[in-house]
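Reading through the structure tokens given below for one structure.
Quick note: the coordinates plus some simple rules give every number you see, no bench work behind them. Predicted model only: the values in this text are computed from it and were never measured. No Cβ is skipped: glycine too gets one built from the backbone with ideal geometry, and neighbour counts run over all protein chains shown.
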Amino acid sequence: MSKDMLSSTTVDNVGEKSIRLKTTGHEKSKVSVCLTAKADGTKLKLFMVFPGGKRETQQLNEEFRNKCCVASSANGWMNEDLTLQWVQRVLGQFAFNRRLLAWDSFKCHITDDTKKELSRSKIDSVIVPGGCYDNAIP
């Protein structure tokens, strides 16, 4: 997801040779966002991963604690440690009964540590193999 997406169209007077665009300079910056919902449609907190190994996330987590969880990695992608954080901080232990999590076969989803954390949180997981969900939604 881009933080500042520019439009591919502009509006100005006919015949203008150049058009000025205002940007924030972040049109090439990326951020990973994990979206999570329960079976009844309830949306859980966003889990956002920004690039940069030393990024300050504590202040953002305090400011937006009811809306999202913020983390960082060197390249802005999910990794095993962030997957464990996502399980703890987003899925958490909000239910007394066991739950079922369906997700893809991304390597961080199938590690032993992730499986142990899911078990501690009373979550069973189902791995949907790649290519099985491409035609699931018309």
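Observations on the structure shown:
- Extension gain for the segment Val14 to Glu62, taken as residue separation times 0.36 nm less the Cα-Cα distance, is 12.4 nm to one decimal.
- The alpha carbons of the stretch 32-128 stretch over 35, 27, 21 Å along the principal axes, in descending order.
- Distant-in-sequence amide contacts of Asn75, defined by a placed amide H-H separation under 5 Å and a gap of 5 or more residues or a different chain, comprise Gly52.
- Put simply, the amide H of Phe47, placed in the peptide plane, has neighbours under 5 Å in Cys34, Cys69, leaving out anything fewer than 5 places away on its chain.
- Of Lys43/Lys116; Lys38/Lys115; Lys67/Lys107; Lys67/Lys115; Lys38/Lys67, those spanning more than 22 Å from alpha-carbon to alpha-carbon: Lys43/Lys116; Lys67/Lys107; Lys67/Lys115
- Here the peptides 75-86, 108-119 are ranked by packing, the mean other Cβ count within 10 Å, and the order with the highest first is 75-86, 108-119.
- For Ser125, the residues whose amide H sits under 5 Å from its own are Leu101, ignoring neighbours fewer than 5 places away on the same chain, with H placed 1.01 Å from N.
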